[in-house]
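Here, each number is a calculation from the coordinates, and none is a lab measurement. Quick caveat, the model's predicted, so the values are computed rather than measured. Glycine gets a Cβ as well: all are built from the backbone with ideal geometry, and neighbour counts include every protein chain shown.
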Amino acid sequence: MRKLAIAVVLFLAVASVATTATGAPDVRAKYEVTIYNLTRDQPFSPPVLATHTARASVFTAGTAATDGLRMMAEDGMTADLETELRLARGVARIVVAGGPIPPGGNASFQIAAWGRFDRLSAVGMLVNTNDSFFGL
């Protein structure tokens, strides 16, 4: 059995405070997320990242996958998952990598979060499988 290691490092890149229409502070932050592929022979499909509320989720361990997540896990196709997330309540931003992350490689992304959209999820297919993905 091969071991799989995935490292995700979050850095606060930019933070600014604005005021909403009600006068309450609206804290907006832009995060830089770097995904390192620490595997030996397992490429990752282009990952999908999303910022969302606590009530929204990209996946839930132990439950059936959505059609979009299934397509991403089986074929590395992200379009259906992107559409599901864009239509989902509680999802603020979505970022999709431009290409796969090879073994030993990494990719960095910037994504915004603010207010109640204070959760980050990331998923990607483990390419040498027929239906597995990593998820954070």
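Brief remarks on what is shown
- The slack between LEU136 and ALA54, meaning 0.36 nm per residue of separation minus the straight C-alpha distance, is 28.1 nm.
- Summing Lys and Arg as +1 and Asp and Glu as -1 over all other residues whose Cβ lies under 12 Å from the Cβ of VAL127 gives a net charge of -4.
- Difference of contour (0.36 nm per residue) and Cα-Cα distance, TYR36 to THR129: 31.6 nm
- Couplings 3J(HN,Hα) for region 58-72, derived from phi with the Karplus relation 6.51 cos²θ - 1.76 cosθ + 1.60 (θ = phi - 60°), are 8, 7, 10, 4, x, 10, 5, 6, 5, 4, x, 5, 4, 4, 5 Hz, where x marks Gly and Pro.
- Cβ crowding within 10 Å averaged over residues, with 45-53, 79-87, 57-65 ranked highest first: 45-53, 79-87, 57-65
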